[in-house]
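Working notes, beginning with the structure itself.
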Amino acid sequence: MRLSLAQLEQDAGSVDAALDAAEAAVEAAAADGADLVALPELFAVGYFAFESYARVAEGLDGPTFGRLRDMAADHDVGLLAGSHVEDLEASVDAGYDVPGDTGLANTTTFFDRDGSLRTTYRKHHLFGYESAEARLLTPGERLEPFEFDGFTVGTCTCYDLRFPELTRELVDRGVTLLLVPSAWPYPRVEHWQTLTRARAIENLWYLGAINGVGAFESATLLGRSTVYDPWGTPLSSAGDRPAHVTADLDPEEVTRVREEFPALADRR
């Protein structure tokens, strides 16, 4: 299975322009043989554009989610559609089960090759340190892994990486590939590289860490999107410019590594 991480540039400009850039990236990845394409956290609005969250928020039946759904179907790929600001009340009105009747959430969606919505993940851990995220957003409550091309895929978002108990729950649910859409800023390069690699090593799974790039008034995203194998070895990575990070993954490799080094069986 070929995985492509689309490291996109973020700004606080037009959602439509961001979606155009995302579609161009998905099209290019599909032309390169990608089976699964992953986008960064809040790529359409820019994570640090807090004042725009309410303006761009929509329910899961809204036009942004609809366009992402069409991208997957039009290009015949599985699409981890980064994340977008979800209007929970609008999702309730559309018949979706959400963690609150009102408010906003940082919501990741996965669309299958036919455009069907396979799972949603709402960021569990909200960053409070010098950030408006915890004030503006409602945390998620559910983990919903899904099957795709021989993998059991789980997802978490950016700051969630600092809470390994979440990924332990995912490994207990059979996850063999973790995708982590993020908006990780400078100067915490070592944190980003260490935490993503550690989550791969300790859980003996593939991990795709999808970060954005670009500068805001308060922060600059550091990029460095990376795919790790189940030993924690980087298979492909990028710097801090827009890029495609592509790697071919073998679901049987997770089984082989876990049999060769059965650390998960020694947990107490």
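The values are calculated or read from the model by the stated rules, or taken from the named source; none is laboratory data. Note that this is a predicted model, so its numbers are computed, not measured. Note that we place each Cβ from the backbone using ideal geometry, even for glycine, and neighbour counts take in every protein chain shown. Note: areas computed on protein heavy atoms with side chains; ligands, DNA, RNA excluded. Shrake-Rupley method; radii C 1.70, N 1.55, O 1.52, S 1.80 Å.
Remarks
- 3J(HN,Hα) along segment 257-266, derived from phi through the Karplus expression 6.51 cos²θ - 1.76 cosθ + 1.60 where θ = phi - 60°, amounts to 5, 5, 6, 5, 9, x, 5, 5, 6, 9 Hz, with x in place of Gly and Pro.
- Residue of L207, L249, L36 that the Gaussian network model of the chain assigns the largest fluctuation, springs spanning Cα pairs under 10 Å: L249
- Taking Cα atoms only, the orientation of helix 189-203 departs from the longest principal axis of the chain by about 50 degrees.
- For L60, the amide hydrogen comes within under 5 Å of the amide hydrogens of S91, counting only partners 5 or more places away or on other chains and with H modelled in the peptide plane.
- Neighbourhood charge, 13 Å Cβ-Cβ cut-off, centred on G174 and excluding it, Lys, Arg +1 and Asp, Glu -1: -1
- Shape category assigned to segment 175-268 from the gyration tensor of Cα positions, a/c cut at 1.5: prolate
- Long-range HN-HN contacts of L235 with modeled amide H, under 5 Å: V227, Y228, D229
- For the chain: rounded, prolate or oblate by the Cα gyration tensor [a/c cutoff 1.5]: rounded
- Each other residue within a Cβ distance under 12 Å of L79 adds +1 if Lys or Arg and -1 if Asp or Glu, for a net charge of -4.
- For the chain, built as a Gaussian network whose Cα springs stay under 10 Å, the top-fluctuating residue of V56, V213, V180: V56
- Per-residue extension of 0.36 nm, minus the Cα-Cα distance of W231 and E144, leaves a gain of 28.9 nm for this segment.
- Tensor-based shape of segment 127-244 (alpha-carbon gyration tensor, a/c under 1.5 rounded, otherwise prolate or oblate): oblate
- Whole-number accessible area per residue in Å² for segment 25-161, which is evaluated in the context of all protein chains at 1.4 Å: 36
- Expressed as a whole percent, the accessible area of the chain that falls on carbon and sulfur atoms is 46 (1.4 Å probe).
- Here the ratio of the Cα radius of gyration of segment 65-104 to 2.2 N^0.38 Å is 1.37.
- Over the chain, DSSP H runs of length four or greater, each weighted -39,500 (n - 2.57), average out per residue to a 222 nm ellipticity of -8500 deg cm²/dmol.
- Mean-square fluctuations from a GNM of the chain, with a 10 angstrom spring cutoff on Cα atoms, peak among T152, T226, T176 at T152.
- Normalised by 2.2 N^0.38 Å, with N the number of residues, the alpha-carbon radius of gyration of segment 15-111 equals 1.07.
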